[in-house]
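The values are calculated or read from the model by the stated rules, or taken from the named source; none is laboratory data. Not measured: the values here are computed from a predicted model. Reconstructed Cβ throughout: ideal geometry from the backbone, glycine too, with neighbour counts over all protein chains shown. Accessible surface areas use protein heavy atoms only, side chains included; no ligands, DNA or RNA. Shrake-Rupley method; radii C 1.70, N 1.55, O 1.52, S 1.80 Å.
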Amino acid sequence: MGLINSGIDMIKQYNKIAIICHTVPDTDAIASLIALKKLIKQNTPEEVLVNKQIDLFVDAEEVNELDAAMIKGIEHNVQNCDNYDLAVSVDCAAANRMGKYEQLFNNAKHTINIDHHATNTKFGEINLVIKASSTCEALYIMAKVRNLKISDEVCNLIYSGIITDTNNLTQGTITKLTHKTITEMVERNINTQAIHEHFFKNNTKSKTFLLQKALSTMKFVAKDKIVFMKITSKDMHDCEATFDDTLGIINHGIDIKGVEIAILAIKKDENTYYVSLRSKNNTKVDELAKKFGGGGHDQVAAFQYNGTLQDLQREVIQASKEELGQHQTDENTVDGLFFGDEDGESYVVTDEENE
Ligand SMILES: [Mn+2]
């Protein structure tokens with residue numbers, strides 16, 4: 001609590017503030033970038049606000065189509081930026097995740113690092129690394145600690161960050177507080193259905209064709225506990241796909257019964273691959289990603305690989321097998337969670353309780 005208060009005090013104290021999210025931004029990065037600016041603006045008295053300058057930075061040629069809906073019309077990446085009193089990073093597990101704006105962060109007089117990645121390297125002067133589903137949820141927790149005003153538009157952003165970073169509440173660091181936050185959002189009457197449809201029922205045709213190609217490359221090893229998939233430059237070209245279209249494809253691997261580690265290698269440039277990892281049960285992939293210079297969360301991680309696809313495949317499968325060897329499979333099971341048929345007691349909700 002003390003640290004959150006120090007962070008918020010610092011944000012209140014300084015006038016020239018830069019907020020920076022990570023390169024190749026996802027929804028949580030863009031949403032937290034904008035939500036923080038709005039939170040500051042909507043909680044600063046007008047007479048103070050006139051002297052406050054809050055600039056947003058994201059090192060990306062363009063943000064993906066779905067996230068563009070959030071940042072549309074919002075000024076960012078201003079020219080001649082420098083000499084900030086305060087720079088705040090959001091959703092960055094390490095300083096280099098800010099890409100070309102890392103320097104701007106380091107040049108600021110004071111720095112705050114707001115994040116939810118367990119692997120965060122604590123590179124800020126104040127590090128608010130909060131155990132939460134998303135950086136958006138971390139911002140919500142901070143705002144609540146300080147009793148800040150949280151507008152509906154900020155709620156829309158926070159809700160978007162939470163549901164996308166958790167793949168619709170199915171993976172990642174989902175706590176009691178995450179569910180409580182979701183409940184509070186629903187109570188606010190924000191249009192959760194529109195947000196769900198925007199982020200989850202909006203696949204492009206290109207993405208669907210790319211998925212078809214990726215699925216056809218599935219290779220199962222280690223008694224089907226590991227699945228490896230790949231996407232080549234030719235696949236991208238044939239499907240007229242962009243990098244955004246690759247997002248989410250990996251989940252089709254980890255959704256398979258018995259699979260504990262799913263790997264997706266996406267060709268970026270000549271001999272450069274972006275490798276996405278997912279795991280389930282008690283298998284973790286963050287350490288695995290770290291071995292290759294990447295990082296992430298227990299069950300969602302990624303790294304970049306320089307070399308041939310053959311070497312990549314061999315090395316990452318070998319490392320995955322080692323990871324599997326380190327623990328006993330302990331499948332999450334629903335045994336005993338549900339009632340049986342006739343033997344189970346039925347419970348009828350009365351009209352009164354239903355009110
Ligand atoms: Mn995030």
- request: If a/c stays under 1.5 just call it rounded; otherwise compare a/b with b/c (prolate if a/b is bigger, oblate if not). Do that for region 2-199, with a ≥ b ≥ c from the square roots of the Cα gyration tensor eigenvalues.
  value: rounded
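Once the other residues with Cβ under 15 Å from the Cβ of THR175 are scored (Lys, Arg +1; Asp, Glu -1), what is the net sum? Walk me through the numbers on the way to the answer.
Numbers: positive: LYS131, LYS144, LYS176, LYS180; negative: GLU137, ASP165, GLU184, ASP298.
Result for the local shell: 0.
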Positive-pole candidate from SER320, ILE249, PHE220, dipole of region 205-325, charges at beta carbon: PHE220
field: Largest to smallest accessible area among LEU337, LEU277, LEU148, LEU177 [probe 1.4 Å]
entry: LEU337, LEU177, LEU148, LEU277
- prompt: Any idea how far apart LYS268 and GLN13 come out in nm if each label point goes 7 Å out from Cα toward Cβ?
  reply: 3.7
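With r as the distance between the Cβ atoms of GLU197 and GLU287 and R0 = 45 Å, compute the FRET efficiency 1/(1 + (r/R0)^6) and round to 0.05.
Values: r = 36 Å, r/R0 = 0.80.
E between GLU287 and GLU197, to the nearest 0.05, is 0.80.
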statement: Full extension between GLN53 and SER6 adds, at 0.36 nm per residue less the Cα distance, a length in nm of 14.9 nm
task: Under 12 Å from the Cβ of LEU86, count the other residues' Cβ atoms, weight Lys and Arg +1, Asp and Glu -1, and hand me the total.
output: 0
- request: Subtracting the Cα-Cα distance from 0.36 nm times the residue separation, let me have the gained length for GLN42 to ASN83 in nm, one decimal.
  value: 12.3 nm
Estimated inter-spin distance, LEU309 and GLN212, nm [label 7 Å along Cα→Cβ]: 1.9
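Which helices, counted as full DSSP H runs in the chain, have an axial Cα extent of no less than 18 Å and a Kyte-Doolittle average of -1.0 or above?
Values: long enough: 27-42 (22 Å, 0.63); 152-165 (20 Å, 0.49); 309-325 (24 Å, -0.72).
Counting only whole DSSP H runs, the qualifying helices are 27-42, 152-165, 309-325.
Rounded if a/c is under 1.5, else prolate if a/b is larger than b/c, else oblate: which is the chain, with a ≥ b ≥ c the root eigenvalues of its Cα gyration tensor?
Numbers: a/c = 1.78, a/b = 1.21, b/c = 1.46.
Cα axes put the chain in the oblate bin.
Give me the number: length gained by fully extending ASN168 to GLU75, i.e. 0.36 nm times residue separation minus the C-alpha to C-alpha distance, one decimal in nm.
Gain on stretching ASN168 to GLU75: 30.6 nm.
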field: All Cα pairs of region 165-210, percent lying beyond 12 Å
entry: 71
field: Members of LYS122/LYS225; LYS16/LYS72; LYS72/LYS284; LYS225/LYS291; LYS131/LYS291; LYS176/LYS290 lying beyond 30 Å, as alpha-carbon distances in this model show
entry: LYS122/LYS225; LYS72/LYS284
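What does DSSP give for the chain in terms of the percent of beta bridges that are antiparallel, rounded to the nearest 5? All intermediate terms of the calculation are to be shown ahead of the outcome.
Values: 20 of 44 bridges.
Around 45 percent antiparallel, to the nearest 5.
Using the Cα centre as the reference, give the magnitude of the dipole from point charges on the C-beta atoms of the chain (Lys, Arg: +1; Asp, Glu: -1; all else neutral), rounded to the nearest 20 debye.
Numbers: 37 positive and 53 negative charges, 252 e Å.
Roughly 1220 debye, rounded to the nearest 20.
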